[in-house]
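The values are calculated or read from the model by the stated rules, or taken from the named source; none is laboratory data. Since we're looking at a predicted model, the values are computed, not measured. All Cβ positions, glycine included, derive from the backbone under ideal geometry; neighbour counts span all protein chains shown.
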Amino acid sequence: MKIHGLAANLCGPVALAGDKSMSHRALLHAALSPARSTLRNVLRAGVTEAMIGCLQRLGVAIEQAGAELHVQGGAWRPVPDALHCGNSGTTLRLMLGAIASQPLRATLSGTPGLQRRPMQRLADPLRLMGAQIDNNFAPLTVSGGALHGIEYAIPVASAQVKGALLLAALHASGPTTLHEPGPSRDHSERMLRALGVDVRSHENVVTLYPLSAALPAAQLTLPADMSAAAFMLAVAVLVPGSSIQMQGVGVNPTRTGFLESLQEMGADIRITNQREEGGEPVADLEARHSALRAIEIGGARVVRMIDEFPIFAVLATQATGRTLVRDAAELRLKESDRITALAGELRKLGVVLTEHADGFELRGPQAIQPAAVASHGDHRLAMSLAIAGLLAPGTTTVEGADAVDESFPGFGAALQQLGAAVEVDPA
């Protein structure tokens, strides 16, 4: 992808696909029901295609019908070779929990990058529930069924670990209670509750009581993805003369850390038409070009914007003062080591960012220079670097930009639609 700066006056509406986190969960919940489910606005991207591929191999019928996805679940069948989760940690973790709940033996694998990501934080509690899991890294084989409920303290707040354990608990003997050290995304709890599952939450503790009957069909319309919206919000705020609008964006409080950080930085963001759809809070968003001031981020907000730190770092380059991010060591365990990768790639663009073990800091504003940068196979890093290129006086090339297809296939087209001079690599 080539980005020709300096950009200006990027204005208009952007239509976003469905939320990635909720798409994964909706697909799995529908696949675990013997009834026919209808899902609307499901994200169709690399990460969700990995999930769909795994489910189809397990015997789940999934059909696209216009804007709807019809899912016919039921008893899952064994497969002779590994289920490939692509580069999607969400797919691997949630599938691991779901398969553990079934009288089934299956192997889960993925790309070399996914195989380097540790799975012990999920495998250990699943073993305590009675699942047999042969490894702490993919490829790993799980033998499920006949699980029992547990009370367990999750050491690091993680919606993926929590969501996978809740899936495993659906057919366990006895309730499962999970304690987290802080808040994490609660999409699993909300969606299961909407399907009639007895899930009770209080502060950072969630208890699920196992099903007494089959999981009912899901009839869901998914909101637009806040993590995708974050990139368009950043474009509007960073590029002079810009104004961008988005409708129906999920504004679950466990996901709005980035939005709150932008507002704290002084960004002109308007949140309107707030409502609830399918058990999730939704709103329309508009952002305009703004002068930014530096802030510090740590503690509970980190989990609520864990996917947005690459684009937050780009915003911080244009904020006046010292930006500090701490308590974010989890960034080193994403699709790339996002702290080291950010520091290295932003350095190519002329930005000085100092790494810390659990975060980073920089002083702004700093001028962005055009350069050739690399995505490290990380979709969020690729999009963040492309947006940085909009601020550079020349052409910036993002190598490996096809990584954006993992979560936001229309990213390049959205920038072009807004008026940015962007060349997208041919498929």
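Listed by position, the strands (runs of 3 or more DSSP E) enclosed by region 331-427 that each have at least 3 residues that are touching a strand residue (DSSP E or B) at 6+ places or on another chain (Cβ under 9 Å) and closer than 24 Å to N9 by Cα are 395-399, 421-423.
Scanning region 179-188 for residues that are crowded, with 24+ Cβ neighbours inside 10 Å and under 15 Å from R200 (Cβ atoms) yields a single hit, S188.
Output the residues belonging to region 51-81 that are buried (at least 17 other Cβ atoms within 10 Å of the Cβ) and assigned to a loop (DSSP other than H, G, I, E, B). Before the answer, list the steps.
Initially, region 51-81 is screened for residues buried (at least 17 other Cβ atoms within 10 Å of the Cβ), giving 51-52, 54-55, 57-58, 60, 62, 69, 71-73, 76.
Selection gives L58, V60, G73, W76.
Taking the criterion of being in a loop (DSSP other than H, G, I, E, B), of a type outside the set (S, T, Y), over 19 Å from the mean Cα position of the chain (by Cα) and crowded, with 20+ Cβ neighbours inside 10 Å, would at least one residue in region 228-237 satisfy it?
Filtering region 228-237 down to residues in a loop (DSSP other than H, G, I, E, B) leaves none.
No; the residues of region 228-237 include none that is in a loop (DSSP other than H, G, I, E, B), of a type outside the set (S, T, Y), over 19 Å from the mean Cα position of the chain (by Cα) and crowded, with 20+ Cβ neighbours inside 10 Å.
State all residues of region 152-205 that are modelled with pLDDT under 95 and β-branched (V, I, T); if no residue qualifies, say none. Passing the criteria: only V156. Looking across region 177-202, just one residue is out of contact with any Ser or Thr (no Cβ under 9 Å at 6 or more places or on another chain) and without any contact (Cβ under 8 Å) to a residue 12 or more places away in the chain, and that is H202. Pairing each residue of region 238-264 that is under 19 Å from L315 (Cα atoms) with any residue that is of a type in the set (G, A, S) and in a loop (DSSP other than H, G, I, E, B), provided the two are 6+ apart or on different chains, yields C-beta distances under 7 Å for V239/A7; V239/A8; P240/A8; G241/A8.
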